[in-house]
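To start, the structure itself, in C-alpha coordinates.
The values are calculated or read from the model by the stated rules, or taken from the named source; none is laboratory data. Keep in mind that what you see is a predicted model, and the values were worked out from it rather than measured. Positions of Cβ are generated from backbone atoms using ideal geometry, with glycine treated the same way; all protein chains shown enter the neighbour counts. Just the protein is used for accessible areas: all its heavy atoms, side chains included, with ligands, DNA and RNA removed. Shrake-Rupley method; radii C 1.70, N 1.55, O 1.52, S 1.80 Å.
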Amino acid sequence: MHFGSRVRGAALAMATMSAATLLMTACQPGPDSAGSAASPSGTAKKPTASPSGSPAPAKPSGGTGAPAKPAGDSSPKAPASVPATATPATKTKTCAAESLKAFMYQADVRPPGTGTGAAIVELTNMSGATCALEGYPTVAGAANGTPEKNHPLTVTRTGSSSKVTLAPAAKAWVKMTFVQVQGEADGYCVSGTTPVTYPTLVVGLPSSGAHQLALEDGVLAECDNKVTVTAVTATKPS
(Lines give C-alpha, C1' and ligand atoms only; values in the text may rest on other atoms or scores of the structure.)
Protein backbone atom coordinates (compact mmCIF):
# COMPACT_ATOMS: atom_id res chain seq x y z
CA MET A 1 0.00 0.00 0.00
CA HIS A 2 2.75 2.40 0.78
CA PHE A 3 4.48 1.43 -2.49
CA GLY A 4 1.41 2.24 -4.43
CA SER A 5 1.07 5.57 -2.70
CA ARG A 6 4.65 6.44 -3.61
CA VAL A 7 4.09 5.46 -7.20
CA ARG A 8 1.01 7.57 -7.42
CA GLY A 9 2.83 10.49 -5.74
CA ALA A 10 5.70 10.20 -8.19
CA ALA A 11 3.37 10.07 -11.19
CA LEU A 12 1.50 13.11 -9.92
CA ALA A 13 4.76 15.02 -9.48
CA MET A 14 5.90 14.19 -13.02
CA ALA A 15 2.52 15.24 -14.43
CA THR A 16 2.75 18.51 -12.55
CA MET A 17 6.28 19.16 -13.87
CA SER A 18 5.18 18.40 -17.48
CA ALA A 19 2.26 20.82 -17.18
CA ALA A 20 4.55 23.54 -15.83
CA THR A 21 6.99 22.98 -18.69
CA LEU A 22 4.24 23.29 -21.30
CA LEU A 23 2.92 26.48 -19.65
CA MET A 24 6.38 28.16 -19.69
CA THR A 25 6.91 27.20 -23.34
CA ALA A 26 3.61 28.73 -24.37
CA CYS A 27 4.37 32.04 -22.60
CA GLN A 28 7.75 32.65 -24.37
CA PRO A 29 7.63 34.94 -27.59
CA GLY A 30 8.12 33.38 -30.99
CA PRO A 31 10.92 34.24 -33.42
CA ASP A 32 8.77 36.77 -35.38
CA SER A 33 7.02 38.45 -32.47
CA ALA A 34 9.74 41.16 -31.99
CA GLY A 35 9.42 42.41 -35.59
CA SER A 36 5.66 42.44 -35.31
CA ALA A 37 5.77 44.52 -32.14
CA ALA A 38 8.05 47.17 -33.78
CA SER A 39 5.51 48.01 -36.48
CA PRO A 40 2.44 49.80 -35.04
CA SER A 41 0.33 49.35 -38.16
CA GLY A 42 1.49 46.11 -39.65
CA THR A 43 4.60 45.30 -41.63
CA ALA A 44 6.63 48.44 -42.72
CA LYS A 45 7.66 48.72 -46.43
CA LYS A 46 11.31 49.14 -47.18
CA PRO A 47 12.41 51.65 -49.89
CA THR A 48 13.45 50.13 -53.20
CA ALA A 49 17.15 50.52 -53.72
CA SER A 50 18.54 51.80 -57.01
CA PRO A 51 21.32 49.91 -58.77
CA SER A 52 23.88 52.17 -57.08
CA GLY A 53 22.46 51.45 -53.69
CA SER A 54 20.70 54.80 -53.10
CA PRO A 55 16.94 55.30 -53.22
CA ALA A 56 15.61 56.03 -56.75
CA PRO A 57 14.46 59.69 -57.17
CA ALA A 58 10.80 60.25 -57.77
CA LYS A 59 9.85 61.20 -61.35
CA PRO A 60 7.72 64.29 -61.93
CA SER A 61 4.22 63.53 -63.01
CA GLY A 62 3.33 64.47 -66.57
CA GLY A 63 5.45 62.14 -68.51
CA THR A 64 8.02 63.54 -70.98
CA GLY A 65 10.39 65.40 -68.65
CA ALA A 66 10.38 68.51 -70.94
CA PRO A 67 9.92 71.84 -69.09
CA ALA A 68 6.33 72.93 -69.16
CA LYS A 69 5.55 76.22 -71.04
CA PRO A 70 3.97 78.76 -68.69
CA ALA A 71 0.34 79.50 -69.34
CA GLY A 72 -0.43 82.76 -71.16
CA ASP A 73 3.00 83.10 -72.76
CA SER A 74 3.21 86.68 -74.05
CA SER A 75 6.67 86.60 -75.61
CA PRO A 76 6.77 88.87 -78.74
CA LYS A 77 6.43 87.26 -82.13
CA ALA A 78 7.97 88.51 -85.37
CA PRO A 79 5.40 90.46 -87.45
CA ALA A 80 4.27 89.00 -90.71
CA SER A 81 6.10 90.36 -93.75
CA VAL A 82 4.08 93.00 -95.65
CA PRO A 83 5.09 93.83 -99.24
CA ALA A 84 5.97 97.48 -99.80
CA THR A 85 3.68 99.44 -102.06
CA ALA A 86 4.68 102.57 -103.94
CA THR A 87 2.54 105.64 -103.41
CA PRO A 88 1.99 107.45 -106.70
CA ALA A 89 3.00 111.10 -106.64
CA THR A 90 0.23 113.64 -107.24
CA LYS A 91 0.81 115.57 -110.48
CA THR A 92 -0.30 119.18 -110.73
CA LYS A 93 -2.04 120.00 -114.01
CA THR A 94 -0.63 122.63 -116.34
CA CYS A 95 -2.52 125.92 -116.28
CA ALA A 96 -4.94 126.16 -119.19
CA ALA A 97 -4.90 129.33 -121.32
CA GLU A 98 -8.40 130.31 -120.21
CA SER A 99 -7.41 130.02 -116.53
CA LEU A 100 -4.70 132.70 -116.87
CA LYS A 101 -5.01 136.48 -116.86
CA ALA A 102 -2.00 138.04 -118.65
CA PHE A 103 -0.87 141.63 -118.29
CA MET A 104 2.20 143.32 -119.88
CA TYR A 105 4.05 146.43 -118.68
CA GLN A 106 7.43 148.07 -119.30
CA ALA A 107 10.23 146.88 -117.04
CA ASP A 108 12.09 149.28 -114.75
CA VAL A 109 15.45 147.68 -115.54
CA ARG A 110 16.11 147.83 -119.28
CA PRO A 111 18.93 148.63 -121.73
CA PRO A 112 19.68 152.31 -122.31
CA GLY A 113 17.95 153.83 -125.33
CA THR A 114 14.69 155.35 -126.51
CA GLY A 115 12.74 152.20 -127.35
CA THR A 116 10.79 149.83 -125.15
CA GLY A 117 13.93 148.08 -124.04
CA ALA A 118 12.27 145.44 -121.82
CA ALA A 119 8.78 144.31 -120.82
CA ILE A 120 7.34 142.01 -118.17
CA VAL A 121 4.34 139.71 -118.56
CA GLU A 122 2.43 139.02 -115.35
CA LEU A 123 0.35 135.82 -115.25
CA THR A 124 -2.40 135.29 -112.64
CA ASN A 125 -4.17 131.98 -111.98
CA MET A 126 -7.87 132.90 -112.20
CA SER A 127 -9.16 129.35 -111.72
CA GLY A 128 -10.30 127.81 -108.46
CA ALA A 129 -7.65 125.07 -108.61
CA THR A 130 -3.88 124.92 -108.30
CA CYS A 131 -2.04 124.61 -111.61
CA ALA A 132 1.52 124.85 -112.89
CA LEU A 133 3.57 126.73 -115.47
CA GLU A 134 7.00 125.84 -116.79
CA GLY A 135 9.34 126.78 -119.61
CA TYR A 136 10.21 129.71 -121.86
CA PRO A 137 7.76 131.81 -123.88
CA THR A 138 7.59 132.40 -127.59
CA VAL A 139 7.24 136.02 -128.73
CA ALA A 140 5.81 137.49 -131.92
CA GLY A 141 4.88 141.05 -133.01
CA ALA A 142 1.34 141.56 -134.27
CA ALA A 143 -1.13 144.24 -135.31
CA ASN A 144 -4.20 144.95 -133.24
CA GLY A 145 -6.84 142.25 -133.54
CA THR A 146 -4.85 140.01 -135.85
CA PRO A 147 -2.76 137.71 -133.66
CA GLU A 148 -2.58 135.11 -136.44
CA LYS A 149 -0.82 137.67 -138.67
CA ASN A 150 2.22 137.98 -136.49
CA HIS A 151 5.93 138.20 -137.04
CA PRO A 152 7.87 135.78 -134.79
CA LEU A 153 10.90 137.23 -133.08
CA THR A 154 14.13 135.31 -132.67
CA VAL A 155 14.17 134.19 -129.04
CA THR A 156 17.29 133.77 -126.92
CA ARG A 157 16.72 131.99 -123.59
CA THR A 158 18.45 133.03 -120.41
CA GLY A 159 18.55 131.42 -116.96
CA SER A 160 17.26 128.02 -115.85
CA SER A 161 13.72 126.72 -116.00
CA SER A 162 11.72 125.04 -113.25
CA LYS A 163 8.07 124.31 -112.59
CA VAL A 164 6.10 127.10 -110.92
CA THR A 165 3.01 125.98 -109.02
CA LEU A 166 0.24 128.56 -108.81
CA ALA A 167 -2.49 128.40 -106.21
CA PRO A 168 -5.70 130.26 -107.05
CA ALA A 169 -4.94 134.01 -107.47
CA ALA A 170 -1.17 133.40 -107.37
CA LYS A 171 1.12 135.06 -109.90
CA ALA A 172 4.11 134.21 -112.09
CA TRP A 173 6.22 136.36 -114.41
CA VAL A 174 8.23 136.38 -117.63
CA LYS A 175 10.69 139.11 -118.62
CA MET A 176 11.52 140.01 -122.22
CA THR A 177 14.52 142.19 -123.16
CA PHE A 178 14.70 143.65 -126.67
CA VAL A 179 17.45 145.16 -128.78
CA GLN A 180 17.02 148.80 -127.88
CA VAL A 181 16.26 151.64 -130.31
CA GLN A 182 18.68 154.57 -130.14
CA GLY A 183 18.30 158.28 -130.89
CA GLU A 184 15.35 160.61 -131.02
CA ALA A 185 12.35 160.85 -133.33
CA ASP A 186 12.18 157.68 -135.39
CA GLY A 187 15.45 156.50 -133.87
CA TYR A 188 17.88 154.05 -135.34
CA CYS A 189 19.36 150.59 -134.74
CA VAL A 190 23.01 150.07 -133.95
CA SER A 191 23.01 147.20 -136.46
CA GLY A 192 21.97 149.61 -139.23
CA THR A 193 18.47 148.16 -139.65
CA THR A 194 15.32 150.20 -139.30
CA PRO A 195 13.49 150.12 -135.94
CA VAL A 196 10.22 148.18 -135.90
CA THR A 197 7.09 148.97 -133.89
CA TYR A 198 4.27 146.58 -132.92
CA PRO A 199 0.96 147.54 -131.33
CA THR A 200 0.76 144.15 -129.63
CA LEU A 201 2.85 141.10 -128.83
CA VAL A 202 1.66 137.48 -128.93
CA VAL A 203 3.29 135.66 -126.03
CA GLY A 204 2.96 131.89 -126.04
CA LEU A 205 3.49 129.61 -123.05
CA PRO A 206 4.26 125.86 -123.23
CA SER A 207 0.91 123.99 -123.05
CA SER A 208 -0.79 127.16 -121.77
CA GLY A 209 -1.84 128.90 -124.96
CA ALA A 210 -0.95 132.22 -126.56
CA HIS A 211 -1.86 135.63 -125.17
CA GLN A 212 -2.07 138.85 -127.22
CA LEU A 213 -0.89 141.75 -125.08
CA ALA A 214 -0.39 145.49 -125.47
CA LEU A 215 1.55 148.03 -123.47
CA GLU A 216 -0.55 150.63 -121.68
CA ASP A 217 1.91 153.43 -122.49
CA GLY A 218 2.38 153.04 -126.23
CA VAL A 219 3.58 150.68 -128.92
CA LEU A 220 6.52 148.35 -128.60
CA ALA A 221 9.62 149.57 -130.46
CA GLU A 222 12.61 147.28 -131.00
CA CYS A 223 15.50 146.48 -133.36
CA ASP A 224 16.52 143.39 -135.27
CA ASN A 225 13.41 141.34 -134.30
CA LYS A 226 15.35 139.73 -131.47
CA VAL A 227 14.36 139.20 -127.84
CA THR A 228 15.97 137.60 -124.80
CA VAL A 229 13.50 135.87 -122.45
CA THR A 230 13.53 134.33 -119.00
CA ALA A 231 11.62 131.20 -118.08
CA VAL A 232 8.41 131.51 -116.09
CA THR A 233 9.38 132.46 -112.57
CA ALA A 234 7.67 132.84 -109.19
CA THR A 235 9.97 135.77 -108.36
CA LYS A 236 8.80 139.13 -109.63
CA PRO A 237 11.47 140.68 -111.89
CA SER A 238 12.19 144.40 -112.12
inquiry  = Pairs needed: first member in the stretch 158-180, under 15 Å from S127 (Cα atoms); second member anywhere, part of a strand (DSSP E or B) and open to solvent by 30 Å² or more (accessible area, probe 1.4 Å); C-beta distance under 9 Å; at least 6 residues apart or different chains.
reply    = K171/E122; A172/E122; A172/T233
inquiry  = When you check A172 against the structure, is it of a type outside the set (S, T, N, Q), in contact with a His (Cβ under 8 Å, 6 or more places away or on another chain), part of a strand (DSSP E or B) and farther than 19 Å from R110 by Cα, yes or no?
reply    = no
inquiry  = Looking at G128, G115 in this structure, which one is buried (at least 17 other Cβ atoms within 10 Å of the Cβ) and in a loop (DSSP other than H, G, I, E, B)?
reply    = G115
task = Among the residues of the stretch 184-208, write down those that are part of a loop (DSSP other than H, G, I, E, B) and open to solvent by 30 Å² or more (accessible area, probe 1.4 Å).
result = E184, A185, D186, V190, S191, G192, T193, T194, P195, P199, P206, S207
ask   = Looking at the stretch 128-185, which of its residues are among the acidic types (D, E) and modelled with pLDDT of 95 or more?
value = E134
